[in-house]
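Reading through the structure tokens given below for one structure.
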Amino acid sequence: MRVIIVGLLATLACCGAELAQAADLQSSLRNEVRLVDRRLPDMPLRLGDGRVVQLSSLWRDTPLLVTFFYQRCTGTCIPSLRLIRDAVQQVGGLGRDYRVLALSFDDVDTVADMRLQADAMELASDPNWFFAVAAGKNVAQITSELDFGYWRDPSTGQYVHESLLVAVDQGRVIRALLGYPIPLSRFRELAWELRGSFVPYYEVPGERLLRCFEFNPRTGGFRPDWGLLLLLAQGVTAIAVALTVFNRPAR
Amino acid sequence: MRKANTHTLYWIGITLVLFPILVVLGIYMRTVQFGQLPATQSWFYPMMTLHGLGMVGVCYAASMACAVDALRRYIEPSGAISWLALAGTVAGVVLLLVSVFLGKFAAGWYFLYPLPMRGNWPAWSTVMFLSAITVLGATWLIWSVDMLRAIARRYSLSEALGWHYLAGRTEPEVPPLVLITTVSLIACVACLVAGVIALALSFADVLGGVRSDALLMKNLTFFFGHVLVNLSMYLGLAVTYEVLPEYAGRPWKANKIVALSWNTVLVVFLAAYFHHLYMDFVQPVVVQYIGQVASYISSIPAAVVTLFGALMLVYRSKMRWNLASILLFVGLAGWAIGGGGAGIDSTILVNMKFHNTLWVPAHFHTYMLMGLMLLVTGYFYHCCQAATELPEKPSFHNLVILLLMVGGYGMLFMFYLSGAASIPRRFAVYPAELAHGAGYAGLGALFAALFLVGLIVFFVEIGKRWIRAFRVAV
Ligand code: HEM
Ligand SMILES: [Cu+2]
């Protein structure tokens, strides 16, 4: 008996911690959903290799993943870019299913800074990765369209900012991932959608109690989960009750 | 003269009080949709919730009371449990009233997750609402199991389900009432268990912040709601099988076909609820097809067998028509007409257009209001008349029936027209794009008021008999 109580309490404690974390995720999730369907403005971009291209030309052939950064960031920008690079490598499909744009939001960043950044990440020769700067008013427009907030702290010269990755299809946001670090499994789900397969069901962070189905972002498979058994419970109970109640000599 | 049962008389009393009040709420909703009473708009959704759950509850409890009363000829339900059923139902209603009137709880009658936790009403009113359903559910679960127990004292499971008819034997004779009630009660246990699970998960959310899977909750909730409403109707039919023969002067017996159709119902209708999830793209496609097929198989055989049986019973019989037998007969007709409307809507191709339009309230009001409620009130009148044998005034009674028919079907017709004109359900006020919905609503309110007049006159007639019967019984 005591073992059971201790076990229950331990489970509750774990649940509590997880719930607190889940609450954060839930609110960022709500903010992500808000971004879906927003349209991005077109604008000229100056790429690290010196070319000037229209933003719309980058999403013409494949969907485009867009993220914001600035080169001097000592916080999450660079680790976040690395994370995206590694996830892309693991999940695959770059060039065929999507391409990636890292757009600077700091007006002191230059084309040379972009080239440096691409070199540092060993992506300079990758035709599907773009590091770009744009005119200040255009940056202001696209970041406000995506509710991406950043604020410069004058004492350090660093920006306080969020981490955002949006998937854009023909100029329209189809998915957004907010926060750092991005879990690999969520990135995988995103990759499935970019590949054109609709993901009808995936785990909402914190809602792991008894689900009906499970989507496996590694394989793209879709399989029943334990919650479905609950739907059999009522039938089984009813049969059991009927058999029990009637299990006596008639008359 | 046949002395009325005290419990039944209490149930009749409760129904006579609650039913007209809930009808008034229905008229109120149509009036607001017509654009009148703008100051009370914020009450639309709490009242819709009260009307919906109240009506479903009254229908279930009243039809159960009818079945229990009719079954007393064959079996003996426990007296204590009968009192518990009354007390528990009254307690549940009180909790519901508090939640809706003081807390303005307004998530609709089937409290679809996670709306109850996300509305702009206080959390305590959600708790109060969930508690109301818990009390009602627990009470009705005990009631159902006790009825099964009482049936089991006289019949074995295979007899009660008429399996010997399927095997070609005709002995022992089992009345259709027993067969259909047994089917309904087993389904009732299943649906109340689903309700209990959905409630437990809802409580876990309100009180513990534990989120649940919305798809799972929707499956559980609609299993509960669909089965509860359907089995109430089956109970209404069961007593019709028992009482109508008394007026026709011929027996209406179980046979192989009756047994077969109701066993089919038991097996299949638990899967029919999937028709409520046609729009849920996450639900695997095969389940959607199961939903459509099960909807057809669970309704058509039983309906055909019952209607054919009823017509054969009445055809060329020396039928004694009075308020009771007329109500039972037109109740059967209403059940069939509404069933037709429901069948149309359970067809996936049509559902794509009609989902969540007023077509849905149109068809379920047809079989609940002009079907089940007439069966139940017909049976209640039958009891009170049998207990008092007051002289009846046929021409006056025909007028009552006329009012009920014209008012009831007029109101329903407005629902159907609105549905066909793509007016969505659950809109308190129609925006400009749906302005044509308001006219239907206004006419609907007028017809419903006519129905209410008929109902009140009818209740005066039955009330006189009820008071006499009550004096004798208590
Ligand atoms: C003359 C009698 C009645 C009138 C005038 C009436 C009127 C209404 C109206 C106007 C609505 C709201 C429709 C909408 O979504 O816009 C409604 C909903 C409803 N009614 Fe009735 N009704 C009557 C009888 C009944 C009966 C006998 C039942 C029995 C079960 C019933 C059960 C319901 C239910 C379950 C809802 C849905 C509530 C929800 O959406 O949560 N009604 N009724
Ligand atoms: Cu249904």
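Enter the mean number of other protein chain beta carbons within 10 Å of the beta carbon of each residue in B:147-158, as an integer.
Mean partner shielding for this stretch: 4.
Taking +1 at the Cβ of each Lys and Arg and -1 at the Cβ of each Asp and Glu, which of A:P183, A:V33, A:L83 sits farthest along the dipole of the range A:33-194 towards its positive end, judged by Cα position relative to the Cα centre?
Of the listed residues, the answer is A:V33.
Just checking the output field for A:229-237: average partner chain Cβ neighbours within 10 Å of each residue's Cβ?
Mean shielding by partner chains, rounded to a whole number: 6.
Place the peptides B:395-402, A:70-77 in order of packing, highest mean first, counting for every residue the other Cβ atoms within 10 Å and averaging per peptide.
The densest-packed peptide leads the list: A:70-77, B:395-402.
If you plug each phi of the range B:55-68 into the Karplus form 6.51 cos²θ - 1.76 cosθ + 1.60 with θ = phi - 60°, what whole-Hz ³J(HN,Hα) values come out, in order, with x for Gly and Pro?
5, 4, x, 4, 4, 5, 4, 5, 5, 5, 4, 4, 4, 4
What number, in nm² with one decimal, is the all-direction average of the projected area of the convex hull of the alpha-carbon atoms of the range B:367-409?
For the Cα atoms of the range B:367-409, the hull's average projected area reads 3.1 nm².
Taking the dipole about the Cα centre of the protein assembly as shown, with the C-beta of Lys and Arg at +1 and of Asp and Glu at -1, give me whichever of B:A254, B:G331, A:L94 is farthest to the positive side.
Result: B:A254.
I want to check the label-to-label distance for A:E214 and B:A432. Put each point 7 Å from Cα in the C-beta direction and report it in nm to one decimal.
Going by the 7 Å Cα→Cβ label model, 5.2 nm.
For peptide B:277-284, compute the average count of partner chain beta-carbon atoms within 10 Å of each residue's beta-carbon.
For this peptide, the per-residue mean of nearby foreign Cβ atoms is 3.
At a probe size of 1.4 Å, how large is the accessible area of A:R39, to the nearest 10 Å²?
Surface accessible to solvent at A:R39 totals approximately 140 Å².
Taking the Cα centre of the range B:99-232 as origin, work out the dipole magnitude from +1 charges on Lys and Arg Cβ and -1 charges on Asp and Glu Cβ, in debye rounded to 20.
Here the range B:99-232 has a charge dipole of around 260 debye.
Over the range A:33-194, average the accessible area per residue using a 1.4 Å probe and give it in Å², no decimals.
Numbers: 7190 Å² over 162 residues.
For the range A:33-194, the per-residue accessible area is 44 Å².
Of the listed peptides B:269-280, B:243-254, what is their order by residue-averaged count of other C-beta atoms within 10 Å, with the highest listed first?
So the order, starting with the most tightly packed, is B:269-280, B:243-254.
Could you run the Karplus curve 6.51 cos²θ - 1.76 cosθ + 1.60 with θ = phi - 60° over the range B:267-282 and give me ³J(HN,Hα) per residue in whole Hz, x for Gly and Pro?
Listing the rounded values in order: 6, 8, 6, 5, 9, 6, 4, 4, 5, 7, 10, 4, 8, 8, 5, 6 Hz.
So what does B:W121 come to for accessible area, using a 1.4 Å probe and Å² rounded to 10?
Roughly 30 Å² of B:W121 is accessible to a 1.4 Å probe.
From the residues B:A123, B:W11, B:A294, which one has its Cα farthest along the dipole of the protein assembly as shown in the positive direction, the dipole being from +1 and -1 charges on Cβ of Lys/Arg and Asp/Glu about the Cα centre?
The one lying farthest along the dipole's positive direction is B:W11.
Just the number please: accessible area per residue for chain B, 1.4 Å probe, all protein chains included, in Å².
Value returned for chain B: 37 Å² of accessible area per residue.
For the pairing of chain B with chain A, what total accessible surface becomes buried, with a 1.4 angstrom probe, in square angstrom to the nearest 100?
Its buried surface, counting both partners, is about 2700 Å².
Would the range A:33-194 count as rounded, prolate or oblate if I go by the C-alpha gyration tensor, calling it rounded below 1.5 in a/c and otherwise prolate when a/b exceeds b/c, oblate otherwise?
Cα axes put the range A:33-194 in the rounded bin.
Treating only the Cβ of Lys, Arg, Asp and Glu as charged (+1, +1, -1, -1), what charge dipole size does the protein assembly as shown show about its Cα centre? Round to the nearest 20 debye. Mind dumping the intermediate values first?
Numbers: 54 positive and 43 negative charges, 500 e Å.
Computed charge dipole of the protein assembly as shown: roughly 2400 debye.
About the Cα centre of chain B, how large is the charge dipole given +1 on each Lys and Arg Cβ and -1 on each Asp and Glu Cβ? Please answer in debye to the nearest 20. Before the final figure, lay out the partial values.
Details: 27 positive and 16 negative charges, 148 e Å.
About 720 debye.
Can you order the peptides A:168-175, B:172-179, B:426-433 by their average number of other Cβ atoms within 10 Å per residue, highest first?
Highest to lowest by the protection proxy: B:172-179, A:168-175, B:426-433.
For the range A:33-194, give me the percentage of DSSP beta bridges that are antiparallel, rounded to the nearest 5 percent.
Just about 65 percent of them are antiparallel.
Rounded to two decimals, what ratio of Rg to Rh does the protein assembly as shown give with C-alpha atoms and a Kirkwood Rh? If you can, show how the numbers build up before the last one.
Values: Rg = 31.5 Å, Rh = 29.2 Å.
Rg/Rh: 1.08.
Quick one: with all protein chains in place, what share of the accessible area of the protein assembly as shown is carbon or sulfur, to the nearest percent (1.4 Å probe)?
Carbon and sulfur atoms account for 66 percent of the accessible area of the protein assembly as shown.
Output ³J(HN,Hα) for the range B:184-191: one whole-Hz value per residue in order, computed from phi by the Karplus curve 6.51 cos²θ - 1.76 cosθ + 1.60 with θ = phi - 60°, and x for Gly and Pro.
5, 5, 5, 5, 5, 4, 4, 6
Taking amide hydrogens as modeled 1.01 Å from N in the peptide plane, which residues meet the under 5 Å criterion relative to A:R175, leaving out close sequence neighbours?
A:A167
The values are calculated or read from the model by the stated rules, or taken from the named source; none is laboratory data. Bear in mind the structure is a predicted one, so any value in this text is a computation, not a measurement. Note: ideal-geometry Cβ built from the backbone for every residue, glycine included; neighbour counts use all protein chains shown. Calculation scope for accessible area: heavy atoms of the full protein, side chains included, ligands and nucleic acids excluded. Shrake-Rupley method; radii C 1.70, N 1.55, O 1.52, S 1.80 Å.
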